[in-house]
Amino acid sequence: MTKRASGRMKLNIFLVAVKVALCFCLLIFGTYALFTDEDELNVFVTTADLDMELLTVDLEGNETDISGRGADVFKSDHWEPGQTRAVFLKVRSRSNVRVKYTLNLISSSAQLDGAIEYCSFLSQPFDVRGMTWESISAARDIQYLSEGHNSLSGDNYVTIEPNEEHCYALLVHMREDAADYQDRMTDIEIYLYATQGNADTN
């Protein structure tokens, strides 16, 4: 092998070594740049502690916790056409995050569909003292109780902050022409459904 050929081979080996070294440098600095890019995406995961309370409130402001247990909200099983009853419900959040909830009446049967009207709205008990079904229903949207879910808090989920309270007036009225529904029955339960709300991100 001539000196000239030997020198060319050494040069080729040197160039290959330089190329390999450059590849490693690009790999290292490219990886470093990927993980040190200033345009970072911050992902916040909030651990939610959902703790909701449902209470009844009387006209004197006394509260009864009905969360997670059965309770006779209207205190009677006897209804007559034209009768109206009012109950006040308080939703209280003890959660450590923003929460979304919905409050529903759930009727177990269609036997009284069309016989019972109701309306609900945010109100303290003392705000509806002396009001009649006629005066309240004239200014509010009236719903007809039907089998299944009947919303008290509106069609969408309501947002509530930690330690916040929402008080609802619920008025239930049996229509005057409801005589045809005599001896028919339905069980009505009140359910509060809650889920974690969308948290703010910085």
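Odds and ends about this structure:
- Looking at 193, 168, 144, just one residue is crowded, with 17+ Cβ neighbours inside 10 Å and not hydrophobic (A, V, I, L, M, F, W, C), and that residue is 168.
- The residues of segment 96-112 that are surrounded by fewer than 18 Cβ atoms within 10 Å (Cβ to Cβ) and closer than 18 Å to residue 170 by Cα, listed by number, are 104, 106.
- Scope segment 64-80; condition closer than 30 Å to residue 176 by Cβ and open to solvent by 70 Å² or more (accessible area, probe 1.4 Å); matching residues: 72, 75, 77, 78, 80
- The lone exception for residue 146 - which of (1) in a loop (DSSP other than H, G, I, E, B); (2) under 13 Å from the mean Cα position of the chain (by Cα); (3) small (Gly, Ala, Ser) it fails: (2)
- Taking first residues from segment 81-95 that are surrounded by 19 or more Cβ atoms within 10 Å (Cβ to Cβ) and assigned to a strand (DSSP E or B) and partners that are among the small types (Gly, Ala, Ser) and at pLDDT 90 or above, the Cβ contacts under 6 Å between residues at least 6 apart in sequence or on separate chains come to 88/169.
- The lone criterion from (1) touching a Lys or Arg at 6+ places or on another chain (Cβ under 7 Å); (2) more than 15 Å from residue 88 (Cα to Cα) left unmet by residue 193 is number (1).
- Subset of segment 171-190 (residues that are open to solvent by less than 60 Å² (accessible area, probe 1.4 Å) and either more than 17 Å from residue 118 (Cβ to Cβ) or assigned to a loop (DSSP other than H, G, I, E, B) (or both)): 186
- Criterion applied to 105, 112 was being of a type outside the set (Phe, Trp, Tyr) and either part of a loop (DSSP other than H, G, I, E, B) or in contact with a Cys (Cβ under 6 Å, 6 or more places away or on another chain) (or both), and the one residue passing it is 112.
- Look at (1) more than 21 Å from residue 92 (Cα to Cα); (2) modelled with pLDDT of 90 or more; (3) open to solvent by less than 30 Å² (accessible area, probe 1.4 Å) and you find that residue 153 fails only one, number (1).
- Any hit, segment 188-202, residues being at positive phi, small (Gly, Ala, Ser) and either at pLDDT 90 or above or touching a helix residue (DSSP H, G or I) at 6+ places or on another chain (Cβ under 8 Å) (or both): no
- Those residues of segment 113-141 which are of a type outside the set (Gly, Ala, Ser) and more than 29 Å from residue 53 (Cβ to Cβ), in sequence order: 113, 132, 134
- For segment 156-187, the candidate set comprises residues that are closer than 29 Å to residue 59 by Cα and modelled with pLDDT under 90; within that set, the residue that is farthest from the chain's Cα centre (by Cα) is 178.
The values are calculated or read from the model by the stated rules, or taken from the named source; none is laboratory data. All of these numbers come straight from a predicted model, not from anything done at the bench. Neighbour counts are summed over all protein chains in view; Cβ atoms, including those assigned to glycine, are modelled from backbone coordinates with ideal geometry. Note: accessible area is taken over every heavy atom of the protein model, side chains too, but ligands, DNA and RNA are not part of it. Shrake-Rupley method; radii C 1.70, N 1.55, O 1.52, S 1.80 Å.
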